[in-house]
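The values are calculated or read from the model by the stated rules, or taken from the named source; none is laboratory data. Since the structure is predicted, the reported quantities are computational estimates derived from the model, not experimental observations. Because the Cβ atoms are built from the backbone with ideal geometry, glycine has one as well, and the counts that use them run over all protein chains shown.
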Amino acid sequence: MGFDEGRIILDSPNGAYYSGTTVSGRLVFQQEKEKSFRGIYVKFKGYCKVHWTSQESYTDSDGKSQTRTINHDSYEEYVNVRRYLVGGLSGSCKLDRGTYEYPFGFDIPQNCPSSFEGTYGHIRYHIKVIVDRAFKFDQEKKVAVRVFSVVDLNRDPYSREPIQMVFNEIYNCCCMGSGTTNTVVNVPVSGFCSGQVMPIEVHCDNKGTVVIDEIKMTLIKKIRFIASVNPAEKYEKCNVARISKGPIPTNTQRNYTVEMEIPALDVYNLNNCRYIEIYNKLKVVVCPSGCHSNSDNSQKIIIGNVPLVGYQDYVRNPLQDQMPQQVGIVTQQPLPSYSWNTPYRADEAPHPESIPYPMTDNPPPYPGYTTSETAPYTNPPYPTKNSSYSTESPSYTKSPHGTRPGVAALGTDNMEFTASRGDNVSDVPADPYAAASAPAPHSPVTDKKH
């Protein structure tokens, strides 16, 4: 036994912490004989690294065509601090036989971006313990730390903005007019959380002789990687959820109200990262039959982990088990928190007033705060009666039909699983960066012949 068999034990059961809180733990090891060294120190580091390669052709001095590899890189650090548990930079110290336990703690800066793993880059945090030995290789132990930076939809005015996309198309074939089609798509707000439902209203007035095969609605996540060395950009894109409706026959009006469930997605706040960007959008495509071209439009969607007050804020976070468990010490003094109430059922929950979330002894839905703390905010994350946040809810009535099965899980590169509605969520996947697919909603359809 010795340092190599020792352990770094974090106080958080799942190794997750909010930015602005304290990551704490202890080093435990057993020494079987006396040893000498300069010191034992623990280091907390957080950084972003972006890397990919490309091939470039060139002509050498002999006039021959050659190919070389170009490295595209970026790197920046968010925190890099160390503290000595035993000894120091110089001198020597000894440890006798016995069991040793050394506690440690580091403040996570409030502006640290969320942990993230991508194909061409990542944001990582870790705790490393090093035994500094003179004239010998150092001994090291390392454990990963996952940092969550809260995305509060109430702090972004855009989240409450309604979305409307209008398509007015005139179809022609062989110089002959085929009529017009007018399609309007409405969404009540622009900000959602995992487990919530995005209600989409679609009105299509097909006045022509061209059948509309389908209207496709897709929630898309796009990731942008930026290289500062040999500057270039790389993109990743995946379909998070998708619903389609149709066909719409000629000379027909159809109205749909569909529900797109926001699947179990990790939420990333990368505002303070210069080299990785993540954004989501709702894309609508109107697909006419025959030789006519599709029409499409898209609008920005914000995915957060603190829902809009008064708008589906009773929904449980399907990834609650992966959220930080508030066991650490906050770096900022919290203000008094809210008392907890018995939860409402989803189908009868009123708009909250002084308490934005109904809460129980179970973990709260978003993002997992305790009753005695409002960390990581200097102010409470949820507004009280005198809050500046609006509590008006968009005019949307929840569909009485419940969860709709029928849509296969969408491939998101190397990510795929499904999640169900409300509290009946599936187990958290082994891969915390996985995405789920939305079930196929069923909606009333009204037909009207011209």
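Could you give me the residue pairs with C-beta distances under 7 Å whose first residue belongs to segment 77-98 and is in a strand (DSSP E or B), whose second residue is among the charged types (D, E, K, R) and surrounded by fewer than 13 Cβ atoms within 10 Å (Cβ to Cβ) wherever it lies, and which are 6+ apart or on separate chains?
LYS94/GLU34; LEU95/GLU34
For segment 187-245, enumerate the residues that are among the small types (Gly, Ala, Ser) and modelled with pLDDT under 95.
Passing the criteria: SER194, GLY195, GLY208.
Please find, among VAL86, VAL50, the residue that is modelled with pLDDT of 95 or more and either over 24 Å from GLN325 (Cα atoms) or loosely packed, with under 14 Cβ neighbours inside 10 Å (or both). Please lay out each step first, then the result.
Working: VAL86 fails: modelled with pLDDT of 95 or more.
The conditions single out VAL50.
Take the residues in segment 169-202 that are in a strand (DSSP E or B) and among the small types (Gly, Ala, Ser); name whichever of them is farthest from TYR268 (Cα to Cα). So that I can check it myself, show each step before the final result.
First, pick out the residues of segment 169-202 that are in a strand (DSSP E or B): 169-173, 176-187, 191-193, 197-202.
Checking which are among the small types (Gly, Ala, Ser) leaves us with 177-179, 191.
Numbers: GLY177: 48, SER178: 47, GLY179: 45, GLY191: 14 Å.
If we take residues in segment 169-202 being in a strand (DSSP E or B) and among the small types (Gly, Ala, Ser), then GLY177 is farthest from TYR268 (Cα to Cα).
Looking at (1) assigned to a strand (DSSP E or B); (2) touching a Lys or Arg at 6+ places or on another chain (Cβ under 6 Å); (3) over 30 Å from GLY15 (Cα atoms), which is the one condition that is false for VAL166?
Just one mismatch for VAL166, condition (2).
Quick one: in segment 1-38, which of the residues that are buried (at least 19 other Cβ atoms within 10 Å of the Cβ) and more than 28 Å from the chain's Cα centre (by Cα) is modelled with the highest pLDDT?
Step by step, filter segment 1-38, then rank; the result is LEU27.
Got a number for residues in segment 93-119 being surrounded by 12 or more Cβ atoms within 10 Å (Cβ to Cβ) and farther than 29 Å from VAL147 by Cα?
So the answer is 2.
If I filter segment 294-301 for residues that are touching a strand residue (DSSP E or B) at 6+ places or on another chain (Cβ under 9 Å), assigned to a loop (DSSP other than H, G, I, E, B), more than 27 Å from TYR158 (Cα to Cα) and free of Cβ contacts under 8 Å to residues at least 40 places away in the same chain, do I get at least one hit?
yes
Go through (1) crowded, with 21+ Cβ neighbours inside 10 Å; (2) not in a loop (DSSP other than H, G, I, E, B) for THR218 and report which single condition fails.
(1)
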